[in-house]
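The values are calculated or read from the model by the stated rules, or taken from the named source; none is laboratory data. As the structure is a prediction and not an experimental result, all values here were calculated from the model. Glycine also receives a Cβ, built like all others from the backbone with ideal geometry; neighbour counts cover every protein chain displayed.
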Amino acid sequence: MRVTVYYTMLPPRFHSGILVVMRRIWALADTHLSFAKPKPMDIFGEHWRDHPVKIEAACRAVIEPDDLLLIPGDLSWALRRAGAEPDLAWLSALPGIKVLCKGNHDYWWDSDKPLNYPGLHDTPYISDDGQIGVAGTRGWMLPEPGSTDAQKAQCEKIIAREVVRLSKRLDAITGCPVKIALIHYPPLDEFAPLLKAHGVQTLLYGHLHLNGKDYPLPEKWKGIRALCVAADRLHFAPRLVASYDAQH
């Protein structure tokens, strides 16, 4: 299997009697939807105005039905599953095969329960040809400066739990030649040994918005390709992560 990291317009072709098509992998995080109870996102900056319209138009312009669209968290502002249903329906209607993980604002989604929504996949996910495996988790952040010992201990507990969750999901995609991890928060050093041990080539994360005080990590992080795909940093258009030959 040949994996590349650029956009190609090569048409389908036959090789040894097998139809070969170019499948692409796209990513975009932090959709922050609120169709059931609208939350004006332009309070975070004028660039957020009508952001679902921008995202949908950009996705429909480039994503093909067999492409993957990976969405690492902060899907909906809803607090309960019923309130998230219109947002999930909107995500489901986007083109491509959608694979999601939870973000810190996805209170409606129990971290240990499957998503169970038609047209959307949570992780672990393995592509229909067995070539691509996706494993994800929410992740967490380091304690703030000045945190109490109790607060630090709580952070350590949550981080350890998130590492275990990701480990289980990575175990499920061991046989896939291409392994991608989704972590909503920027990855902490605690995740690096696990990701390397499982041969993860690409890590996708969100959470870091344009109006925040933190900046994305270097795209070569701990020997792993780490891409921040927060929607506003991508001008609300999905980023092409990779292309590969898929046989049919």
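Number of residues in segment 95-114 that are buried (at least 20 other Cβ atoms within 10 Å of the Cβ), at negative phi and part of a loop (DSSP other than H, G, I, E, B) equals 4. Identification of strands (runs of 3 or more DSSP E) wholly contained in segment 179-248 with 2 or more residues that are crowded, with 22+ Cβ neighbours inside 10 Å and among the aromatic types (Phe, Trp, Tyr) yields no element. Take the conditions (1) under 19 Å from Pro38 (Cα atoms); (2) touching a Leu at 6+ places or on another chain (Cβ under 9 Å); (3) aliphatic (A, V, I, L, M); Ala82 misses just one of them, which is (2).
When segment 67-89 is limited to residues that are charged (D, E, K, R) and out of contact with any Lys or Arg (no Cβ under 9 Å at 6 or more places or on another chain), the one that is nearest to Leu203 (Cα to Cα) turns out to be Asp87. Of all residues in segment 94-110, at least one satisfies being modelled with pLDDT under 95 and either closer than 21 Å to Cys176 by Cβ or among the acidic types (Asp, Glu) (or both). Within segment 115-152, no residue satisfies the criterion of being loosely packed, with under 13 Cβ neighbours inside 10 Å and in a strand (DSSP E or B). Note on segment 37-55: residues that are under 22 Å from Gly96 (Cβ atoms) and crowded, with 16+ Cβ neighbours inside 10 Å total 4.
Is it the case that Leu166 is in a helix (DSSP H, G or I), at pLDDT 95 or above, surrounded by 20 or more Cβ atoms within 10 Å (Cβ to Cβ) and within 15 Å of the chain's Cα centre (by Cα)? I'd like the intermediate steps shown before the answer.
Values: in a helix (DSSP H, G or I): yes; at pLDDT 95 or above: yes; surrounded by 20 or more Cβ atoms within 10 Å (Cβ to Cβ): yes; within 15 Å of the chain's Cα centre (by Cα): yes.
Spelling it out, Leu166 is indeed in a helix (DSSP H, G or I), at pLDDT 95 or above, surrounded by 20 or more Cβ atoms within 10 Å (Cβ to Cβ) and within 15 Å of the chain's Cα centre (by Cα).
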